[in-house]
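Where a number appears in this text, it was derived from the coordinates with a stated rule and is not lab data. This structure is a prediction, so every number in the text was calculated from the model and none was measured. Here the Cβ positions follow ideal geometry from the backbone for every residue, glycine too, while neighbour counts run over all protein chains shown.
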Amino acid sequence: MRKIDELKQELTTLEGEVRSLLNEDKVKEAEVKMEEQRSLKSKIKIQEELDAQEEREVNEKMEKREEKQEERQDNKQVEYRDAFYKMVRGVDLNSDERRSLTAGSATAGGHTVPKSFQKKLIDKLEELNIMRKLATVIQTDSDMDIPVIVSHGTAAWTAEEGAYNESDDVFGQITLKAFKLTRIIKVSEELLQDSAFDLENYLVNEFARSIAKAEENAFVAGDGVDKPEGVFVGAEVGLTAASGSALKADEIVDLYYSLPRPYREKAVFIANDSTVKVIRKLKDSEGNYLWEKGLGGEPSTILGRPVHTSEFSPEIGVNANVIAFGDMSYYQIADRKTRVFQRLNEKYADFGQVGFRGYERVDGKLTLAEAVKVLKMAAV
């Protein structure tokens with residue numbers, strides 16, 4: 001590239017000399033310089049082609065190197081996956097397989113699950129856990145501090161040459177940690193020895209079913225003690241109902257408008273099935289039902305916004321937060337690295353079973369309280 005830059009600089013100099021000679025009416029001298037100029041342009045064109053060819057060759061070499069690295073990485077992943085599932089089934093491993101499996105050992109014991117297992121598990125969790133569909137999910141390696149605005153500054157009309165209004169945003173901080181969620185599954189030795197038994201899908205489905213249920217319980221209604229804090233706990237109260245045991249149509253409308261307008265565009269309702277059953281019977285002042293049934297696979301709506309149900313949402317009762325309405329993307333779920341898995345050979349041997357212990361580390365928290373409002377039942 002240095003050579004082409006030198007040639008272009010030389011061409012610029014020649015162009016200046018040609019202009020000077022023409023300004024002095026030295027036509028013959030200018031023509032000689034112009035011939036040099038044409039020759040130099042030809043050299044520049046050739047050099048540009050050579051540079052482009054060299055760049056293509058360098059890029060091709062880099063691509064081949066990257067392909068080989070990816071191929072080696074893929075091979076390592078395949079070797080680890082095969083060794084992992086042999087370990088799970090209790091098949092004896094050779095030295096290479098044991099070495100491959102050691103690369104995925106976790107500090108607390110067990111082995112990180114292969115990427116294929118991880119992907120299937122995450123897909124299943126998203127399918128079973130409503131909050132993983134609505135929230136923002138991030139990956140973390142350590143505790144994460146998230147700055148949040150506690151209160152907003154304000155603008156003010158100011159007279160000519162008047163003092164500016166000093167009003168700053170007030171910031172706070174929310175920390176996403178990593179709470180441990182565990183499960184042990186027992187499988188009979190006969191099933192493990194049955195080659196037709198799809199052990200991977202069985203473990204994925206069983207872990208996902210129980211983990212998703214525990215996760216959703218925490219993400220919806222968790223108290224934040226040794227578990228994530230749920231959205232019903234972290235949200236602001238938008239409206240307190242007049243009764244502790246009944247809902248009115250106007251209260252649903254008031255909850256809707258208690259949420260600041262910027263958050264309504266992506267807002268959804270979350271409630272227990274028993275609460276939704278009550279809402280489906282409510283009518284506005286003109287006799288129209290607030291509930292609108294969804295079509296073509298779309299969720300049903302209240303006041304034009306989607307409705308989702310969770311069995312872990314509080315039911316109607318004194319002082320209970322029974323409906324959450326807001327933009328759930330402000331609820332953040334932080335997954336700590338990958339899931340870890342361990343085969344327990346001896347623990348259940350007397351019963352002809354093998355245990356599989358799995359755990360994940362996760363946290364969840366509403367990072368902006370004003371983005372979600374809850375309807376709270378009265379104290380009486």
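Specify which labelled value, from (1) 58, 42, 19; (2) 48, 23, 17; (3) 97, 32, 18, agrees with semi-axes √(5λ) of the Cα gyration tensor in Å derived from the coordinates of the model shown.
Label of the calculated value: (1).
For segment 182-249, which trypsin sites (Lys or Arg not before Pro) pass both filters: DSSP loop (anything but H, G, I, E, B) and at most 15 other C-beta atoms within 10 Å?
Lys248
Round to the nearest 0.05 the FRET efficiency obtained for Val237 and Thr158 when R0 = 41 Å and r is the Cβ-Cβ distance.
Once rounded, the FRET efficiency stands at 0.70.
Ile185 versus Ile46, label points 7 Å from Cα toward the beta carbon: distance in nm?
According to this spin-label approximation, the distance is 7.0 nm.
Determine the gain in length on full extension of the stretch Glu67-Lys115; use 0.36 nm per residue of separation and subtract their C-alpha separation, reporting nm with one decimal.
15.4 nm
Can you list the HN-Hα couplings for segment 25-38, worked out from phi with the Karplus curve (6.51, -1.76, 1.60; θ = phi - 60°), rounded to whole Hz and with x for Gly and Pro?
Listing the rounded values in order: 6, 8, 5, 4, 4, 5, 5, 4, 5, 5, 5, 4, 4, 5 Hz.
Name the long-range amide H neighbours of Thr367: under 5 Å, sequence gap of 5 or more, or other chain; modelled H, no Pro or chain starts.
Tyr331, Gln332
Per 0.36 nm of contour for each residue apart, how much would the distance between Val58 and Glu315 grow if the chain were fully extended, relative to their Cα-Cα spacing?
86.0 nm
How would you rank Met328, Met62, going from fewest to most other Cβ atoms within 10 Å of each one's own Cβ?
Met62, Met328
State the extension gain, in nm to one decimal, for the chain segment bounded by Glu166 and Glu265, taking 0.36 nm per residue of separation less the distance between their alpha-carbons.
Computed gain between Glu166 and Glu265 is 32.5 nm.
Non-local amide H neighbours of Ile174 (under 5 Å, H modeled in plane, Pro and chain starts lacking H): which ones?
It is Ile146, Val148, by chain and number.
Using label points projected 7 Å from each Cα along Cα→Cβ, tell me how many nm separate Ser300 and Ala196, to one decimal.
Result: 4.3 nm between the two label points.
Using a Förster radius of 30 Å, what is the FRET efficiency between Lys76 and Asp123 based on their Cβ-Cβ separation? Nearest 0.05, please.
0.85
Quick check: the distance between the Cα centres of segment 240-309 and segment 189-210, to the nearest angstrom?
Cα centres, segment 240-309 to segment 189-210: 41 Å.
Do any of Lys64/Lys177; Lys120/Lys376; Lys8/Lys61; Lys3/Lys28 go past 32 Å between their Cα atoms, and which?
Checking Cα-Cα distances, Lys64/Lys177; Lys120/Lys376 exceed 32 Å.
Choose one answer from Glu67, Glu161, Glu370: the residue with the largest mean-square fluctuation in a GNM of the chain with alpha-carbon springs under 10 Å.
So, out of Glu67, Glu161, Glu370, the one fluctuating most is Glu161.
Distance cut-off 21 Å, Cα to Cα: go down the list Lys248/Lys277; Lys227/Lys266; Lys213/Lys281 and report the pairs above it.
In this structure, Lys227/Lys266; Lys213/Lys281 exceed 21 Å between Cα atoms.
When the Karplus curve 6.51 cos²θ - 1.76 cosθ + 1.60 is applied with θ = phi - 60°, which whole-Hz ³J(HN,Hα) does each residue of segment 245-256 get, with x for Gly and Pro?
So the Karplus estimates, Gly and Pro as x, are 9, 9, 10, 10, 4, 4, 6, 5, 5, 5, 4, 4 Hz.
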